[in-house]
Amino acid sequence: MTRKTPSRCWRRRPLASRLLKSWPQAAARRSTWPRASAAGLRARHVRQSRRPLASLRRPSRSAKVSSRPSRPSTPSAPSLTSWMQLWLFTKRAFIQLRRDLPTVTRNYTSLFIAALLLGTLNANVRTKANFPDPRPIMEAEEVGIPITEERLFEYRNHIRSLSAAMVQAYTLGMLAISIAGVQSALDYFGAEREVYFREFRVRPNVLAYMLGKQIASFPLTILYPYVFLTTFYSVIIPYGSFRSWYWPLLALQFAAEGLSHFISVVVTSNRQVTGGLSALVFCMFSGAFPPATRIPSSVVWISNTSFARYAMELLLLVDFQVLYHPPVNHTITDDLTPLQVEIETQKWAAMKNVSQTVLEQRMAAFEYSLPTDPEDPFATDAATAAFQGLFLLGCFWRFLTFLALTLLDRQKRR
């Protein structure tokens, strides 16, 4: 049987036995220490008396601390580059979104239900006026007979009711997606304010932090307008295509999320209420409901900086294009005489004139531009300016968010 090492036996012995065993050994060592003689003490006294006066002073506290042997410095943590920080922040943002999947699902479900209800209230706005096919409107008139003033007046009322119904339906839909866009992004920065302040003590890259959040939330930004249009578009049946409706709403979502990011950083409490009221105010000053001509001059700047104004102008450009530039007259057939063809052409021209007059009055009251291009509504300068306005507003609110993350609550970051 192997003998245990002395170190292990020493550890396992009780404290009393260790003290009793070590005491005689310590006494023997002390007995062998050299004793100081009288001559040695006198020589030591002489050496101390010959020191300069400065060396006899009592050392200060700082001198004592400095005279102590310094501890070996621990190696500092390696600094991360901006690209590495961007990768880490983006990865963490994706993990946070995966953990918050029930909340994301709830937001999509709420938006889907809101789109379904709003679409049901404004179902099939095209039934307000049977256009561009003029035959149901002139059903009492025979082909080849000039149109009467009563029929033109009836058609004018149809166009007015149609444009009013479109403005009402589009305003409510834009309000719904604006509120959803603002509410969905309030927790991107506001939910981790304390975590951000704690991490800011090591001076991270704020731009990398923001870009990581934006990259992780970009798929959700793309899906919000699509989920909204899957029900709203199929119920109201507008004139524009699904793609021509998707791009304005996507730009609107981008601008609304920028406002939401700024609110989540600046507002510490009641962020949901503040975000909803902000979206409501911007939609009220869109220029369509109420019209821009009724907005007081002192608050016109709110309308000019409202993302709802540019989104509403794009939607009306898309759908008013069909009314402002109607297609070919379908009542003209090959079996008509030249005189009947001329009469039908005059009917179509009269109806087109009435439609353009009503739309010009409506767009002038909104201070919107007219769809000048009969082929592509987005090929006009007004549509380009509206898209640029939405993009710049989204970037502007994100820049304010960057400044707020950098400058606000500096005492919490020390």
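Can you spot a residue in segment 59-68 that is outside any helix (DSSP H, G or I), on the phi < 0 side of the Ramachandran plot, modelled with pLDDT under 50 and open to solvent by 80 Å² or more (accessible area, probe 1.4 Å)? No: segment 59-68 contains no residue that is outside any helix (DSSP H, G or I), on the phi < 0 side of the Ramachandran plot, modelled with pLDDT under 50 and open to solvent by 80 Å² or more (accessible area, probe 1.4 Å). Applying the criterion of at least 1 residues that are free of Cβ contacts under 8 Å to residues at least 24 places away in the same chain, surrounded by fewer than 17 Cβ atoms within 10 Å (Cβ to Cβ) and β-branched (Val, Ile, Thr) to the helices (runs of 4 or more DSSP H) found wholly in segment 155-267 leaves 193-199.
Residue 273 fulfils the conditions (1) of a type outside the set (S, T, N, Q); (2) within 25 Å of residue 362 (Cβ to Cβ); (3) without any contact (Cβ under 8 Å) to a residue 40 or more places away in the chain except for a single criterion, (2). Counting only residues that are open to solvent by 60 Å² or more (accessible area, probe 1.4 Å), assigned to a helix (DSSP H, G or I) and among the basic types (Lys, Arg), which one in segment 101-154 is modelled with the lowest pLDDT? The extreme case among them is 128.
Beta carbons closer than 7 Å, at least 6 apart along the sequence or on distinct chains, pair a first residue in segment 378-393 that is within 18 Å of residue 283 (Cα to Cα) with a second that is open to solvent by less than 10 Å² (accessible area, probe 1.4 Å) and not aromatic (Phe, Trp, Tyr) for 386/314; 390/252; 390/255; 390/311; 393/255; 393/258.
The values are calculated or read from the model by the stated rules, or taken from the named source; none is laboratory data. The shown structure was predicted, so the numbers you read here are calculated from the model rather than taken from an experiment. Note that we place each Cβ from the backbone using ideal geometry, even for glycine, and neighbour counts take in every protein chain shown. Areas reflect the complete protein model, heavy atoms only, side chains present, ligands, DNA and RNA absent. Shrake-Rupley method; radii C 1.70, N 1.55, O 1.52, S 1.80 Å.
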